[in-house]
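Right, one structure below, let's go through it.
The values are calculated or read from the model by the stated rules, or taken from the named source; none is laboratory data. The model shown is predicted, which means the values in this text are computed figures rather than measured ones. Note: ideal-geometry Cβ built from the backbone for every residue, glycine included; neighbour counts use all protein chains shown.
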Amino acid sequence: MFLFGRFRVNGASMEPLYSEGDFVFAVAWPFRFKKGDVVIIEKSGRKMLKRIRALGAISNDGEYSVLGDNSGRSTDSRHFGAVARKEIIAKVLFKA
């Protein structure tokens with residue numbers, strides 16, 4: 001686990017804001033997340049960049065619904081369900 005780091009975007013799921021090969025800076029900290037936050041999740045051994053769509057109220061407490069901005073090219077909560085808090089490994093601060 002890192003405290004602050006650089007993450008390379010893989011795939012087109014977050015286009016047009018984040019494209020394949022872009023870098024983002026993210027921090028692993030005990031954040032309180034809100035709708036719209038961009039986060040790095042780890043699901044089935046893959047690290048993915050996603051946007052939080054819903055928290056708690058729609059999914060169970062401590063779980064988050066995440067989506068890619070480019071819904072036609074994203075594998076996200078529509079496919080694998082809600083993400084547990086422990087699967088969110090960092091919050092994106094800015095694009096490099």
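A few points about this structure:
- Given (1) within 10 Å of residue 84 (Cα to Cα); (2) touching a strand residue (DSSP E or B) at 6+ places or on another chain (Cβ under 7 Å); (3) part of a loop (DSSP other than H, G, I, E, B), index of the condition residue 64 fails: (3)
- Residue match in the stretch 40-54 (condition: surrounded by 20 or more Cβ atoms within 10 Å (Cβ to Cβ), at pLDDT 95 or above, not hydrophobic (A, V, I, L, M, F, W, C) and not in a strand (DSSP E or B)): no
- Checked against the criterion of being among the charged types (D, E, K, R) and loosely packed, with under 14 Cβ neighbours inside 10 Å, the candidates 61, 37 yield just one match: 61.
- Subset of the stretch 1-44 [of a type outside the set (Ser, Thr, Tyr), more than 23 Å from residue 81 (Cα to Cα) and without any contact (Cβ under 8 Å) to a residue 12 or more places away in the chain]: 20
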